[in-house]
Amino acid sequence: METEEGKCRAENYNNTVALPGFEEHLLFLGHSIDVQESPEPNDIIWENRSITQVERNLRTFIVIVVVIAMLTLSFVCIYTAQKRSLELKLKYPKTRCKDFESEYHERLDAWKGDSIHEFMLNEEIEEKGGMPLYTGPFQCFCKHQKSAKHSKNANY
């Protein structure tokens with residue numbers, strides 16, 4: 001509304017046509033009249049004025065489809081990662097390697113042999129479709145060898 005008077009007239013019109021007996025004034029050239037305050041010109045995105053309602057609905061639909069596809073993809077990725085993480089936790093549970101280090105302290109060859117034996121048994125289980133379980137010497141032997149290699153490289 002440009003003036004306060006115009007705003008007051010529009011409000012009075014809406015209140016007047018709502019009263020009984022003024023129903024014929026609800027229509028103008030066959031269309032209903034609903035007087036509302038216009039938005040500020042700075043609040044209007046003028047470039048979007050040429051977009052029809054059909055185009056706006058199509059764009060909204062495309063955005064919804066893309067968002068749903070992205071959510072579905074992220075769900076699948078998270079689910080797959082969590083499932084793989086659980087499989088690995090079951091396959092390689094936490095073990096107390098200090099016990100194996102103290103047991104095989106002077107017998108590195110025996111530890112290596114037991115590790116290979118555990119690996120071979122688990123390979124057979126996996127080939128038959130079972131779930132392998134690396135709980136003992138194999139897991140700790142690999143950790144021990146890795147830490148020994150790093151400490152050996154650090155001495156140089």
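Restricted to the stretch 127-152, and to residues that are more than 37 Å from the chain's Cα centre (by Cα) and modelled with pLDDT of 80 or more, which residue is surrounded by the fewest Cβ atoms within 10 Å (Cβ to Cβ)?
So in the stretch 127-152, the residues more than 37 Å from the chain's Cα centre (by Cα) come out as 137, 141, 144-145, 148-152.
Keeping just the survivors that are modelled with pLDDT of 80 or more gives 137, 141, 144-145.
On the way: Pro137: 24, Phe141: 23, His144: 19, Gln145: 14.
Step by step, filter the stretch 127-152, then rank; the result is Gln145.
Would you mind finding the one in Ser74, Ser102 that is assigned by TED's automatic domain parsing to the domain that holds Gly136 and out of contact with any strand residue (DSSP E or B) (no Cβ under 8 Å at 6 or more places or on another chain)?
Ser102
Taking the condition under 36 Å from the mean Cα position of the chain (by Cα) and assigned by TED's automatic domain parsing to the domain that holds Gln145, does Gly113 pass?
Taking the combined requirement at face value, the residue does not satisfy it.
For the stretch 1-105, please list each of the helices (runs of 4 or more DSSP H) lying entirely inside it that holds at least 2 residues being among the small types (Gly, Ala, Ser) and without any contact (Cβ under 8 Å) to a residue 40 or more places away in the chain.
Once the helices (runs of 4 or more DSSP H) in the stretch 1-105 are filtered for at least 2 residues that are among the small types (Gly, Ala, Ser) and without any contact (Cβ under 8 Å) to a residue 40 or more places away in the chain, what remains is 4-17, 53-91.
The values are calculated or read from the model by the stated rules, or taken from the named source; none is laboratory data. The structure presented is a predicted model; accordingly, all values stated were derived computationally and were not measured. Note: ideal-geometry Cβ built from the backbone for every residue, glycine included; neighbour counts use all protein chains shown.
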